[in-house]
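FYI, it's all coordinate maths here, none of it is from the lab. Keep in mind it's a predicted model, so treat the numbers as computed, not measured. Glycine also receives a Cβ, built like all others from the backbone with ideal geometry; neighbour counts cover every protein chain displayed.
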Amino acid sequence: MKKKNNKIGILGGTFDPPHKGHLHISRVGIKKLKLDKLIWVVTKKNPLKKKPLLNLKTRIKLSKKVAIKEKKILVQYLDKKIKSTKTFNLLKYMKNKNQKKEIYFLLGADNLVKFNKWQNWKKIPKLAKIVVFPRQNYPVKSMNSILPKILKNNLIYVSCKKVNISSSLIRKFW
C-alpha cells in the first residue's frame, strides 16, 4: 500500500476553457510536490477579469473531460459552498476541511504580477504554500516584482517546460 504524503494541491480559476497547459502544470505539480491529489476549483468568475465566455456548467464539464484520465485530479465547484469567489476564502475553507494536510496553491507567474490586487493577499501564504509555474513572457517580470521580496519564504518556484497556450489565446479563435 502506498503511503500518503498528506499534501493537497489547488489550482483555481475560471478554466475558460480548460486546456493542456492546466494539465501540464497539474502533472508537474503532482510529481514534483508529491501531491496526493490536486483539485481544480472552477470559479464562476475571476474578480479581476471580464465575464467568462463559456457558462459555468460547460466549463466544469470540459474541465472534467480534460482531466478524465488523471487519477489524482479532481474537478470541483465550491463558490456556493464557501459563498465566495475569492482565493483567500477558498484556501481558508480548504485548510479548515483538511487540517492535517499541507495545502499547495498552484499559479502561473502571470498571476504573481497581480497577486497584490487579490483580497487578503498577505494572508494567503499562511494558508497554503504558493507554487509558481513559468508562463510565456512572464518569468522575469514576475521575479522582479515586489511580491517575491515580500513573500520570499512562502513561494516555491517550479521550473518546467512552458506550454505556450492560454485560455485567452484559445478564446481569440472562437
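Under the combined filter of DSSP loop state and at most 15 neighbouring Cβ atoms within 10 Å, region 59-95 retains these trypsin sites (Lys or Arg not before Pro): LYS69, LYS71, LYS83.
Among the trypsin sites (Lys or Arg not before Pro) within region 1-32, those in coil by DSSP and having at most 15 neighbouring Cβ atoms inside 10 Å are LYS2, LYS3, LYS4. Can you work out the FRET efficiency for the pair LYS95 and LYS31, with r the C-beta to C-beta distance and R0 = 25 Å, to the nearest 0.05? Efficiency at R0 = 25 Å is approximately 0.60.
Which of rounded, prolate or oblate describes region 7-172 when judged by the alpha-carbon gyration tensor and an a/c cut-off of 1.5? Write out the running numbers ahead of the final one.
Working: a/c = 1.23, a/b = 1.11, b/c = 1.11.
Cα axes put region 7-172 in the rounded bin.
Please compute the modelled spin-label separation between ASN153 and LYS71, points set 7 Å along Cα→Cβ, answer in nm with one decimal. Label-label distance for LYS71 and ASN153, simple model: 3.7 nm.
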